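Here's the structure we're looking at; comments come further down.
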Amino acid sequence: MEQKGVCIKDDDMKGLIGKLLSAKAIVLGSPNYYYDVSGLMKNMIDRSISTSYLGVGEYTGMEWHGWRPFVDKAGGIVICQAAFGAEKALETFKCFAEYSGLNLIGEVIASAGNQPVNDFPEYIEKAHKLGMKIREEVIRKETKTSR
Ligand SMILES: Cc1cc2nc3c(=O)[nH]c(=O)nc-3n(C[C@H](O)[C@H](O)[C@H](O)COP(=O)(O)O)c2cc1C
């Protein structure tokens, strides 16, 4: 709490947190592993908790909590799986987005069996469309704030 918003663990998560905070948009992506996001992705989500302690007491009025760190960012979700069970992975990402304030624009769930997802043009098309929508939102926001 003394070092507001700074994780006490000094490792490469610091660099990633810097990137998350400076990004205009954040796309969360994971394979579906046993009906949820991968362990690596869950670690990233858990390790980002320090960002919720930026501005403690100053903006929320809560002495124990800071602002929502990604409230100014557009976001998307991409989940790849063999066939089924992505609902919980989606929920994990949605909870993270809700907690951090990320403005979710859309999601893509790709069921690719045991083939590379690149073999499915419809998913690539959906991912491309999501990317374009996120881009539009970033531009809309930038135009609004520069007026
Ligand atoms: C540990 C593990 C668990 C998995 N669980 C599921 C699952 O619950 N449902 C599903 O449809 N696919 C499941 N899969 C398949 C992966 O989602 C799929 O192969 C993945 O999208 C490919 O990403 P990767 O090559 O990065 O692992 C699982 C694969 C692994 C390795």
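The values are calculated or read from the model by the stated rules, or taken from the named source; none is laboratory data. Note that the structure is a prediction, hence the values are computed from the model and not measured. Note that each Cβ is placed from the backbone with ideal geometry, even for glycine, and that neighbours are counted across all protein chains shown. Note: accessible area is taken over every heavy atom of the protein model, side chains too, but ligands, DNA and RNA are not part of it. Shrake-Rupley method; radii C 1.70, N 1.55, O 1.52, S 1.80 Å.
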Expressed as an acute angle from 0 to 90° and rounded to the nearest 10, what is the orientation of the C-alpha long axis of helix 13-22 relative to the principal long axis of the chain? 90 degrees
Value of Rg/Rh across the chain [Cα atoms, Kirkwood radius]: 1.01
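Once the Cβ-Cβ distance between A112 and M132 is put in as r, and R0 is 25 Å, what FRET efficiency do you end up with, to the nearest 0.05? Walk me through the numbers on the way to the answer.
On the way: r = 22 Å, r/R0 = 0.88.
Approximately 0.70, to the nearest 0.05.
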For the chain, find the longest principal axis of its Cα atoms and tell me its angle to the long axis of helix 86-100, 0 to 90°, nearest 10. 20 degrees
In Å², and per residue, what accessible area does the chain have when probed at 1.4 Å with the other protein chains present? 64 Å²
Between the Cα axis of helix 121-146 and the main Cα principal axis of the chain, the angle (0 to 90°, nearest 10) is 30 degrees
Sequence of C95, C7 when ordered by accessible area, the most exposed leading, probe 1.4 angstrom: C95, C7
Just how far, in whole angstrom, is segment 5-22 from segment 93-147 if you go by their alpha carbon centroids? 23 Å
